[in-house]
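Student: Got a structure for you, written out below as structure tokens; questions coming shortly.
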Amino acid sequence: MTEAREDPVSRRGLGLRSSQRLTPPEPESRAAGTITSFDVSRASGFIRQDHRETELFFRQCGLRGTILARLAEGERLEFEVSQDTQGPVARDLVRLPS
């Protein structure tokens, strides 16, 4: 049985030594929630997570396959919760069936 070897070309340009390993990012958690506010002109809004009192900010770039003008308050979405420079945000939003 042959052992898989790491490709040295994949390290090129990353400034890594051969002894350093690339670590995958921490997995982000999926959650569901309801849009509490949405501003089409700013292409952003807030979602209240199910079973939590906190609201998460989301941006247009976080939407997957959804037209902004069709989003409305009260709609249900599924999303990933990740950390931004200003705290937790919702990304990779997907509309849930009603």
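The values are calculated or read from the model by the stated rules, or taken from the named source; none is laboratory data. It should be emphasised that the depicted structure is a prediction, and the values quoted were computed from it without experimental measurement. Positions of Cβ are backbone-derived with ideal geometry, glycine not excepted, and every protein chain shown enters the neighbour counts.
Student: How many of the residues in region 23-39 are over 17 Å from the mean Cα position of the chain (by Cα) and at pLDDT 85 or above? So that I can check it myself, show each step before the final result.
Tutor: As a first pass, look at region 23-39 and keep what is over 17 Å from the mean Cα position of the chain (by Cα): 23, 36-39.
After this cut, where a residue has to be at pLDDT 85 or above as well, the list is 36-39.
The total comes to 4.
Student: Just name the residue that is nearest to PRO97 (Cα to Cα) out of those in region 33-82 that are free of Cβ contacts under 8 Å to residues at least 24 places away in the same chain and part of a strand (DSSP E or B).
Tutor: Looking at the filtered set, the residue picked out is ARG48.
Student: Sticking with this one: Quick one: what pairs do we get from region 86-98, first residue at positive phi, second of a type in the set (S, T, N, Q), C-beta under 9 Å, 6+ apart or different chains?
Tutor: Hits for this filter: ASP92/SER82.
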